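Taking it in order: structure first as structure tokens, then the write-up.
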Amino acid sequence: MRGTTALPDSPCTASRRGEPPVHRLEVRLPDDVPFAVGSFDSIGPMSRAAFPHRHTFYEIVHVTHGTGTHVVDLDRWELRPPQLGLILPGRLHHWEDVRGLDGSVVLFTPEFLLDHPGDQDLLRRIGERPWLRLDPAAHSRTGRLIAELREEYGHGDAGFATVLRSLLHVLLVRTARLAGPDRPAVPAATPPGRDTAGRQVVGRQAAVAEEFARLLARTDRDGGADVPRSVRDCAERIGVTPGYLTEAVRAAVGRTPAGLLRDARTKEAQRLLARTELTVRQIAARTGFDDPAYFCRFFRRETGMSPGDFRKRRDI
């Protein structure tokens with residue numbers, strides 16, 4: 001194996017007490033290409049980790065054999081191979097009661113997508129339905145593509161990084177087709193590009209709406225969600241006024257940035273409550289609330305229950 005997904009001396013680190021480990025991608029390929037592909041065995045034990053952890057990179061798993069459950073954030077996916085799954089950076093995931101797990105794992109960082117910048121939007125779209133059951137034809141096509149990725153990666157011939165990016169692009173396009181066209185207009189999705197009257201959203205408005213979607217999907221350097229605190233915060237990061245941001249996002253997805261931001265903060269809070277041992281005060285701070293009491297009121301308003309009740313129900 002010419003690459004690894006962990007530092008030799010510390011495969012995972014947790015930068016804040018009580019938080020799950022953060023898994024980073026370190027490779028030893030020519031030119032430090034941030035990509036790796038192989039079997040679950042060759043990638044290493046972290047590919048089957050039974051404890052919740054985050055990634056700073058993307059992971060695609062093509063499961064060909066095995067039983068058990070794959071847990072991503074608040075969702076549980078029973079293994080019924082053949083299946084194809086995507087774990088986005090910053091998501092908490094682990095494997096439960098897995099037996100006989102086999103298949104392929106593809107790992108890459110956002111920076112690896114420089115030849116195809118639109119691939120990040122494809123990945124966000126796939127992330128809305130991140131676990132897919134494959135029919136025989138789709139399973140065969142996926143297997144062939146990943147076999148080509150493994151062959152190219154293993155040889156490392158001249159220009160191999162460009163070939164890897166091209167093959168990965170094809171894999172993402174075909175996976176997005178499998179995910180289907182019926183996707184909700186959520187911040188993780190590529191903005192549909194039309195306003196509520198059906199007119200095409202183009203130019204600066206479309207670019208601003210797309211950057212807002214990227215902002216909500218972005219992860220911080222420790223692998224956790226870097227959730228903005230307010231619409232004004234988002235606007236400042238993008239370089240526009242709050243009013244223009246609201247106009248652009250509403251035209252693109254039919255919702256306000258304030259509503260989408262509330263959804264993002266709520267989802268990150270749920271993720272941390274369900275999969276970490278952080279206190280409510282710590283989770284409030286991680287999701288941009290200076291006052292834990294206000295965070296509790298916010299969480300109850302958005303979910304209908306207190307943070308403590310939500311955590312208890314997830315433990316049942």
request  = Scan the range 268-285 for residues that are farther than 24 Å from Arg76 by Cα and either surrounded by fewer than 21 Cβ atoms within 10 Å (Cβ to Cβ) or modelled with pLDDT under 90 (or both) and report the count.
outcome  = 3
key: First in the range 197-222 and at pLDDT 55 or above, second anywhere and among the aromatic types (Phe, Trp, Tyr), Cβ under 8 Å, 6 or more apart   = Val208/Tyr244
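Within the range 247-255, is there a residue that is acidic (Asp, Glu) and under 22 Å from Pro52 (Cβ atoms)? Steps first, please.
Residues of the range 247-255 that are acidic (Asp, Glu), as a first pass: 247.
Within this subset, residues satisfying the condition of being under 22 Å from Pro52 (Cβ atoms) are none.
No, the range 247-255 has no match at all.
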ask   = Here is a list of conditions, (1) modelled with pLDDT under 80; (2) surrounded by 18 or more Cβ atoms within 10 Å (Cβ to Cβ), and Val249 meets all of them except one; can you say which number that is?
value = (1)
ask   = Which one of these does Leu114 not meet: (1) assigned to a loop (DSSP other than H, G, I, E, B); (2) touching a residue at least 24 places away in the same chain (Cβ under 8 Å)?
value = (1)
note = Tyr153 vs (1) surrounded by 21 or more Cβ atoms within 10 Å (Cβ to Cβ); (2) closer than 30 Å to Thr276 by Cα; (3) among the aromatic types (Phe, Trp, Tyr): all pass except (2)
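Looking at Phe310, is it touching a helix residue (DSSP H, G or I) at 6+ places or on another chain (Cβ under 6 Å), outside the structural domain of Arg91 (by TED's automatic domain parsing), surrounded by fewer than 21 Cβ atoms within 10 Å (Cβ to Cβ) and in a helix (DSSP H, G or I)? Give the steps one after another, and end with the answer.
Details: touching a helix residue (DSSP H, G or I) at 6+ places or on another chain (Cβ under 6 Å): yes; outside the structural domain of Arg91 (by TED's automatic domain parsing): yes; surrounded by fewer than 21 Cβ atoms within 10 Å (Cβ to Cβ): yes; in a helix (DSSP H, G or I): yes.
Yes.
Residue by residue, here is whether (1) more than 16 Å from Leu84 (Cβ to Cβ); (2) out of contact with any Lys or Arg (no Cβ under 9 Å at 6 or more places or on another chain); (3) assigned to a helix (DSSP H, G or I); (4) modelled with pLDDT of 90 or more holds:
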site: Thr142; (1), (2), (3), (4): no, no, yes, yes
site: Ala147; (1), (2), (3), (4): no, yes, yes, yes
site: Thr175; (1), (2), (3), (4): no, yes, yes, yes
site: Arg183; (1), (2), (3), (4): yes, no, no, no
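Suppose we filter the range 117-135 for residues that are in a helix (DSSP H, G or I) and free of Cβ contacts under 8 Å to residues at least 40 places away in the same chain; how many remain?
0
The values are calculated or read from the model by the stated rules, or taken from the named source; none is laboratory data. Because the structure is predicted, anything quoted here is derived from the model rather than measured. Because the Cβ atoms are built from the backbone with ideal geometry, glycine has one as well, and the counts that use them run over all protein chains shown.
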